[in-house]
There are 6 protein chains.
Amino acid sequence: MEIKDMLEGQTIIRPDGRAVDELRPVKITRSFTDVPEGSVLIECGNTRVMCTATFTSGVPRWRKDSGLGWVTAEYSMLPRATAERTDRESVRGKVGGRTHEISRLIGRCLRGVVDMKALGENQIQLDCDVLQADGGTRTASITGAYVALVDALHWAKSQRKIRSVERVLKDSVSAVSVGVINGTPMLDLPYIEDSQAMTDMNVAMTGSGDFIEIQGTAEHRPFSHAELNELLDLATKGNRELQRAQADALAELAEH
Amino acid sequence: MEIKDMLEGQTIIRPDGRAVDELRPVKITRSFTDVPEGSVLIECGNTRVMCTATFTSGVPRWRKDSGLGWVTAEYSMLPRATAERTDRESVRGKVGGRTHEISRLIGRCLRGVVDMKALGENQIQLDCDVLQADGGTRTASITGAYVALVDALHWAKSQRKIRSVERVLKDSVSAVSVGVINGTPMLDLPYIEDSQAMTDMNVAMTGSGDFIEIQGTAEHRPFSHAELNELLDLATKGNRELQRAQADALAELAEH
Amino acid sequence: MEIKDMLEGQTIIRPDGRAVDELRPVKITRSFTDVPEGSVLIECGNTRVMCTATFTSGVPRWRKDSGLGWVTAEYSMLPRATAERTDRESVRGKVGGRTHEISRLIGRCLRGVVDMKALGENQIQLDCDVLQADGGTRTASITGAYVALVDALHWAKSQRKIRSVERVLKDSVSAVSVGVINGTPMLDLPYIEDSQAMTDMNVAMTGSGDFIEIQGTAEHRPFSHAELNELLDLATKGNRELQRAQADALAELAEH
Amino acid sequence: MEIKDMLEGQTIIRPDGRAVDELRPVKITRSFTDVPEGSVLIECGNTRVMCTATFTSGVPRWRKDSGLGWVTAEYSMLPRATAERTDRESVRGKVGGRTHEISRLIGRCLRGVVDMKALGENQIQLDCDVLQADGGTRTASITGAYVALVDALHWAKSQRKIRSVERVLKDSVSAVSVGVINGTPMLDLPYIEDSQAMTDMNVAMTGSGDFIEIQGTAEHRPFSHAELNELLDLATKGNRELQRAQADALAELAEH
Amino acid sequence: MEIKDMLEGQTIIRPDGRAVDELRPVKITRSFTDVPEGSVLIECGNTRVMCTATFTSGVPRWRKDSGLGWVTAEYSMLPRATAERTDRESVRGKVGGRTHEISRLIGRCLRGVVDMKALGENQIQLDCDVLQADGGTRTASITGAYVALVDALHWAKSQRKIRSVERVLKDSVSAVSVGVINGTPMLDLPYIEDSQAMTDMNVAMTGSGDFIEIQGTAEHRPFSHAELNELLDLATKGNRELQRAQADALAELAEH
Amino acid sequence: MEIKDMLEGQTIIRPDGRAVDELRPVKITRSFTDVPEGSVLIECGNTRVMCTATFTSGVPRWRKDSGLGWVTAEYSMLPRATAERTDRESVRGKVGGRTHEISRLIGRCLRGVVDMKALGENQIQLDCDVLQADGGTRTASITGAYVALVDALHWAKSQRKIRSVERVLKDSVSAVSVGVINGTPMLDLPYIEDSQAMTDMNVAMTGSGDFIEIQGTAEHRPFSHAELNELLDLATKGNRELQRAQADALAELAEH
């Protein structure tokens, strides 16, 4: 079933005037800061995440002498990324459950497109720091971190730390959120919609259109297989567009 | 498409001799310990999880005067649940990312079947402690925690802390893992299979057959929409059987 | 003086109908879980502790190149082992004083019967997790951990990691609590008695009848040397019976 | 003695071509993010710090019923603000000494220009997060935080949470670093100079030219009173210019 | 059996020339510092512990409205109290097991002589900080803390916070270590002996000669009931002398 | 301008009767405890700090193979050093900001007089534990730590761990506080003055009269360059006297 058909005749009004299958404006700025091997600011509507990629020779101890590389991620929110200030996790002395969960998600998604053998015993650390949060911070982090990762690999190639960027990258990856609001499936939820969604799903997909990660949560109202399919169609459309934005950003001459 | 058809002609051999769409033996023991309002030992093959439900009057501060209840969960592994001993998180001084992620998953799934208004300002804490781990500990925790939750609600009814168990429980919930191993989708993976799975998915479903939570991860090989559908069919079959086991266990006279 | 004489003519009524010098029923289940080198469930009345022994080649850094082995223990309570749920120490981010104190006690008692030279540079970690607490959890832990230790040593022998179980084990060890309640010394206190005891003592003894550890506390009423002697006689009787239960359990064919 | 005279005839070459008494280019962007009551990006050369001001009604418990307000600050570096990635303090589980020291410095400087009585029982939290570090991050934080503070006060005035911005603000404040490199006192040190400085001083001054904080450190070579005076003259010049930049930024119509 | 007889004919040489049943020189300095309600420096040989008693109106939350007071203790070692510097527990971020164990022991011993009803809803916190450690730091802490406690009670009486010192104090308490070295029971072990002791026992006794706490440990060689009795006789002698030293110190006019 | 002139005709009355430019009585006791390589008790009025110096062969990992030594410091307050008991940082599980700030200050000051090359790959750890706090604890710590450092160097020389004390020590160092109270600059503030000071400054100086560290804070009222000069003159006078006290103490035959 086509999303378009499904919505025919409806006049859904989203707070920001978008169609139900429309992404928020995406803007990807490379070389946002100077020193990291990859440094990207991604803006999805009002959500802004700074994603840096740090390339280091060598891997963590448990991975040594495996001939394999490692990719890992850390996610964090600045205290005033949100309407109410949230206390710093450094001050509280521990990383919270939500932060842990998202950091692990980002790491898995990026590892999903990296050939660890081709990377060799090198490590890439992705840091995603949310400057402003308006929904979809974890999916924006994945989409932005991919671009930072590519830049870091180009840097590594130029430093002869890896042989080829193409062999390390098995595919591209992006992610987007979808959800059901008042019975209507919608693409790319800002905070105001996200907080009303009965069902909420984050979908990470490769450039070739396969799934790397699906996380659907229906704390407020379970969803059927049919609804799931609608949501996945929306997510597929959204990810295709995000991947175009990634490609456009990467097409510009790397300045690093 | 039928799972049966799909496998026709194949001779998949699983390490424990099961068919690809066959659950491990499930055993649910109620009143496993004496004092908790609900106390369940669930065994799924060699995986054994002790699930207790603690019913307390009152809710956390942020929920006060809302008229709504709260359900939360904590998951933990005993040090020698695994082949190699893992250090205690209490000794390390912090809860790890995996533990956080699973605790949150269990909490969301159980909240998904509870009517917080009918629960009133009461809290139920679910503790899932893994005595032995052989894959599927998070899904076994959800399945077992549901039974403990029901027992705790019956206790609360008997103590006149809630009016009706039926009104609080919107549905039942169970969860199971599925995954793709060497290209074959399979149900209910023990550790040996789980560690080889290219794609791994945990699916929590209600008694009425809807999804409460889908978490699919494909760090090692992305999966297509078609594969996803096969996995969800397997999960549906598995959850139906787990829900029968829950119902059978609950059918026995409550001894509490 | 004989305990029997001492009590002649008295009609002490304990809440569970036991005589003042009578142990609660003891049940020791070996191979309670499958993977640890030693895995024991010990039940003393309603107190239930799961004790596992982990045998590892090598010793902590500070012990390296000493030619000596090491034995250590960690004790912990599951959150609903008790009538009121206790917060997890992992969530609180630190190990409490009581837990520390008991872990250290168990470690000392078990080290007291191990010849570190015969053990060689190997380590045994004893984990005592209380599934249900009704008084005497630390003494039950010691008694159960000894059986798990023996099983782990037999496993180590079978793997040729040690030369002889007999040379490593200098003696057996068990422990029991005694206390004075309303002026009457009693053996093996459940929670209800323990909380009323004026004097409380934990006594660990070897199979040959010597003391390994005596911890007597009289926060509520000091005790005289005469009372101490009565308590030690009760403890001696109790430990003799516990050691018989250990021997019986170990007499069964090891299944590991 | 005039700085100009002092340098006559010398041909000091700074890595970035500046004169010894010349500030790096300063850029202050207000409303850098949307939600905070004050949100400023300050750039001093390559150093970039995001400074937000959070205005909340009410004060910490220890300050209650005093009739006085409170101003506090927290400083932090993003992991890749620096050439080498630094581990997150949230992950390490504690705030480091340097972070503590700088947070406290910023708080004191801003409190130095606020009339706590006029502020009333309200709190302003200043968060200074370094996006890119090239020396002088603590002084840039102070200079930027002042602008964010002013914006937050204007917001508070518009919300009738304070009566008058002017009464709360006793003065303006800015800060700059000075140091002695190879015997020559210099203004506003980037990282490369800072790391070679024998003496290093951070000077916070009010708009009326008085000192709020002087922190001079001479771990590598003590300095004389004469040198101190030269450094303070340089700092006075630098702060005068920074205060002009603050005033210029604040002169633009507040958009909040 | 008399200690004296036991040793007849022997020529035990202790490193410091003492007889086996001889205490090290004890010196108790009251008002060691000025501000605490009780402040004592106790020196037992080279072991020096500063013990302060803090009297506060009110009790911890869990004790409120019980009409009962509370006494608690904290023990700590300065980093260079020992031959090798030990890291600070504040820097390590957690209190170690040994510290926890000793703090709890001191608290129990002091509570053992305090009538909580007579104390009323007031709290006394005892801080025992070891300036120099040469064995017996925990027993010196108990002995010294008692004197600080008495001083704090006199202060509280003078402030009319309690009615009578005598009613609060049920008895006095002191503690001493004893141990078996090369088969010989000895009193008051300095570090050099303590580290060689096969059996080690700390004994806290009241002024009336009863036991408040017995902690005997025989990690290295179990001990018989006969040996236990010898050790308790030595401890009784030692405690009697320590209590005389306490009384002498307290006899001097309180200067506080 | 002379301090004397400035005060002419005034009759400032300080709570303890001192002149505005008068130090509190200083007493420096060496070999305060027996085991550390340097152990000093410094008393400045009622402020008493125990300073120990620990000399260890080898340096922290990040300093290895540099040929350079390292000097570091830790500051801490005993709980009842102050009028109100402060909770232990070990119990709270983290080092506070103030403690961090002061520890770092002491370390920098002492490093400022040590030639790291002459020290060789050895480390000196200075521990400053405040037994009683009456203002100026950080400056007393610096002054006392210097003496402990010298003793530790003499010990190191005697053990042939360094070649010459003179080459390692580039100069001496002491520190003192100054402040402005009710408009009058004063030397060496006790707590009662410190808490009223509008401006507060800690000044560490070398024996040759240069500055090593200046920390001036004017949270309550900014100060002018003229006031700064007056304060620095007072500090110079105070430090000269403190250095005489250090020299006198060191002149006595080292007993270590």
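The values are calculated or read from the model by the stated rules, or taken from the named source; none is laboratory data. Just so it is clear, the model here is predicted, and its values are computed rather than measured. Positions of Cβ are generated from backbone atoms using ideal geometry, with glycine treated the same way; all protein chains shown enter the neighbour counts. The accessibility values were calculated without ligands, DNA or RNA, using every heavy atom of the protein model including side chains. Shrake-Rupley method; radii C 1.70, N 1.55, O 1.52, S 1.80 Å.
Tabulated values for the structure
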item: Separation of the D:GLU241 and D:THR56 label points, Cα + 7 Å toward Cβ, nm; result: 3.8 nm
item: Percent carbon-and-sulfur accessible area, chain D, ignoring ligands, DNA and RNA, probe 1.4 Å; result: 48 percent
item: Choice from D:HIS154, D:HIS220, D:HIS100 with maximal GNM fluctuation in chain D (Cα, 10 Å cutoff); result: D:HIS220
item: Closest approach to the axis - chain E beta-carbon, rotation onto A, Å; result: E:GLY93, 4
item: Calculated FRET value between F:ASP248 and E:ALA19, using beta carbons and R₀ = 35 Å, to 0.05; result: 0.25
item: Exposure rank, largest accessible area first [A:SER195, B:SER164; 1.4 Å]; result: A:SER195, B:SER164
item: Accessible surface of C:THR29 - all protein chains present, 1.4 Å probe, nearest 10 Å²; result: 40 Å²
item: Rounded accessible area of F:TYR191 (nearest 10 Å², 1.4 Å probe); result: 140 Å²
item: Label distances, nm, E:GLY183 versus same residue in remaining copies, Cβ-directed 7 Å point; result: 4.5, 7.8, 7.8, 8.5, 9.4
item: Proximal charge balance of A:PHE211 [Cβ under 15 Å; K/R count +1, D/E count -1]; result: -2
item: Those trypsin sites (Lys or Arg not before Pro) in region D:45-77 that DSSP places in a loop and that have at most 14 other beta carbons within 10 Å; result: D:LYS64
item: Mean Kyte hydropathy of 0.0 or more with a Cα span along the axis of at least 30 Å, helices from DSSP in chain B; result: B:137-158
item: Interface size B-A, as summed buried accessible area [1.4 Å probe, Å², nearest 100]; result: 2800 Å²
item: B:ARG98 versus C:ILE192: modelled label distance in nm, points set 7 Å from Cα along the beta carbon direction; result: 4.3 nm
item: Under-5 Å amide H pairs with C:THR199, H placed in peptide plane, nonlocal only; result: C:VAL180
item: Segment C:ARG160-C:ASP34, length gained on full extension (0.36 nm per residue, minus Cα span); result: 43.3 nm
item: Exam field: C:LYS117 pseudo-label spacings to other copies (7 Å along Cα-Cβ), nanometres; result: 5.3, 5.3, 5.8, 7.7, 8.0
item: Accessible area per residue in Å² at 1.4 Å probe, computed on region D:57-142; result: 35 Å²
item: Radius, Kirkwood style, for region C:121-225 when every pair of distinct Cα atoms is counted (Å); result: 15.5 Å
item: Per residue value of the accessible surface for region F:185-250 (all protein chains in place, 1.4 Å probe), Å²; result: 34 Å²
item: Burial of 40 Å² or greater, region F:68-85 residues [accessible area, probe 1.4 Å, versus chain by itself]; result: F:GLU74, F:LEU78, F:ARG80, F:ARG85
item: Relative contact order [Cα under 8 Å, 6+ residues apart], chain D, whole percent; result: 21 percent
item: Accessible area of A:VAL165 in the full protein assembly, 1.4 Å probe (Å², nearest 10); result: 10 Å²
item: Enclosed volume per residue, in Å³, of the convex hull spanned by Cα atoms of region C:26-170; result: 111 Å³
item: 7 Å along Cα→Cβ, label-point gaps from E:LYS27 to other copies, nm, shortest first; result: 1.4, 6.3, 7.0, 7.0, 7.5
item: With 10 Å bins from 0: P(r) over chain B, alpha-carbon pairs, percent; result: 7, 31, 35, 20, 7, 1, 0
item: Dipole in debye (nearest 20) - region C:18-252, about Cα centre, beta carbon charges: Lys, Arg +1; Asp, Glu -1; result: 920 debye
item: C:ARG24, F:ARG160, ranked by accessible area, largest first (probe 1.4 Å); result: F:ARG160, C:ARG24
item: Dimensions in Å of the protein assembly as shown - Rg and Dmax from alpha carbons; result: 35.4, 112
item: F:LYS27-E:LEU68 pseudo-label distance in nm [points 7 Å out on the Cα-to-Cβ vector]; result: 4.4 nm
item: Accessible surface, 1.4 Å probe, highest first, among residues A:GLU22, A:GLU84; result: A:GLU84, A:GLU22
